[in-house]
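The values are calculated or read from the model by the stated rules, or taken from the named source; none is laboratory data. Note that the coordinates shown come from a computational prediction; the quantities given were computed from them, not determined experimentally. Every residue, glycine as well, gets a Cβ built from its backbone with ideal geometry; the counts of neighbours run over all protein chains shown. Please note that ligands, DNA and RNA were not included when accessible areas were found on the heavy atoms of the full protein model with its side chains. Shrake-Rupley method; radii C 1.70, N 1.55, O 1.52, S 1.80 Å.
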Amino acid sequence: MTKKWLIGGTAGGLILALVLWSVWEWFFHRALPDYDADKAVTGLSADVEILRDGDGVAHIFAEELSDLLFAQGYVHAQDRFFTMDFYRHIARGELHRIAGPDPEVIENDRFMQTMRFAAIAEEEFQTLSPEARRLLTAFADGVNAYINDNRPVQVALEYAALHLAGRDIAITPWRPEDSLAISKL
């Protein structure tokens, strides 16, 4: 009897490990960025090189400042878009769209809407110099280049986990004003 339990337990453990590995590979691994891929993206005026060091830190080389900021937006989204989107939802008073309609979340959203960070950012964007608006737009274009090339579950591991939990979050395009609104936090 003990030998049967040992064999059954071992087989069950192996099956469980195989299932977990399959879930990781099929679902979560797709959400991890491919740092080794050469990507052709539209919106750049010249070639940009992104090299990652041994710690995964991106080093961006570009001829034009707007191309550098485009690449920075792309890399930033590649590495931490969920965090960016999370803070954008907080600044806009829309955290309930990610976290759900919890009363404390709704209360926080009302407070953030009262603070008007998103509205102030939109007003502020219009007062910036044309060059500052151009550069903030280049960053936003880079973010959008990344999120447009991927489904939500591929953009960030957190979206994949939320999808598994039955919550599909719609990712909206990044706007230059979103960066300004987050800076208000």
Only one residue in PHE125, PHE139, PHE111 is farther than 29 Å from THR42 by Cα and aromatic (Phe, Trp, Tyr), so which one is that?
PHE111
All conditions in (1) over 15 Å from THR83 (Cα atoms); (2) of a type outside the set (Asp, Glu); (3) open to solvent by 70 Å² or more (accessible area, probe 1.4 Å) are true of SER183 except (1)
Selection status of GLN72, open to solvent by less than 90 Å² (accessible area, probe 1.4 Å), modelled with pLDDT under 95 and either part of a helix (DSSP H, G or I) or charged (D, E, K, R) (or both)
no
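Here's a check for you: in segment 109-167, which residue that is assigned to a loop (DSSP other than H, G, I, E, B) and under 14 Å from the mean Cα position of the chain (by Cα) is nearest to LYS184 (Cα to Cα)?
Step one: list which residues in segment 109-167 are assigned to a loop (DSSP other than H, G, I, E, B), which gives 116, 128-129, 149-151, 156, 165-167.
Filter again for under 14 Å from the mean Cα position of the chain (by Cα), leaving 149-151, 156.
On the way: ASP149: 29, ASN150: 29, ARG151: 29, ALA156: 24 Å.
Result: ALA156.
Examine segment 132-147 for a residue that is open to solvent by 60 Å² or more (accessible area, probe 1.4 Å) and without any contact (Cβ under 8 Å) to a residue 24 or more places away in the chain, and state whether such a residue exists.
Taking segment 132-147 first, the residues open to solvent by 60 Å² or more (accessible area, probe 1.4 Å) are 133-134, 141.
If we keep only those that are without any contact (Cβ under 8 Å) to a residue 24 or more places away in the chain as well, we get none.
No, every residue in segment 132-147 fails to be open to solvent by 60 Å² or more (accessible area, probe 1.4 Å) and without any contact (Cβ under 8 Å) to a residue 24 or more places away in the chain.
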Quick check on segment 168-179: of everything there that is charged (D, E, K, R) and part of a loop (DSSP other than H, G, I, E, B), which residue is surrounded by the fewest Cβ atoms within 10 Å (Cβ to Cβ)?
ASP168
Could you check segment 91-108 and list, in sequence order, the residues that are open to solvent by less than 30 Å² (accessible area, probe 1.4 Å) and in a helix (DSSP H, G or I)?
ALA91, ILE98, VAL105
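From the list ASP79, ASP53, ASP36, which residue is acidic (Asp, Glu), at pLDDT below 95 and either touching an Asp or Glu at 6+ places or on another chain (Cβ under 6 Å) or open to solvent by 90 Å² or more (accessible area, probe 1.4 Å) (or both)?
Result: ASP36 is the single residue among ASP79, ASP53, ASP36 that is acidic (Asp, Glu), at pLDDT below 95 and either touching an Asp or Glu at 6+ places or on another chain (Cβ under 6 Å) or open to solvent by 90 Å² or more (accessible area, probe 1.4 Å) (or both).
Keeping to segment 84-117, report how many residues are touching a Phe, Trp or Tyr at 6+ places or on another chain (Cβ under 6 Å) and within 13 Å of ALA170 (Cα to Cα). Give the derivation first.
The first filter runs over segment 84-117 and keeps only residues touching a Phe, Trp or Tyr at 6+ places or on another chain (Cβ under 6 Å), leaving 91.
Those still in the list that are within 13 Å of ALA170 (Cα to Cα) too: none.
Within segment 84-117, residues that are touching a Phe, Trp or Tyr at 6+ places or on another chain (Cβ under 6 Å) and within 13 Å of ALA170 (Cα to Cα) number 0.
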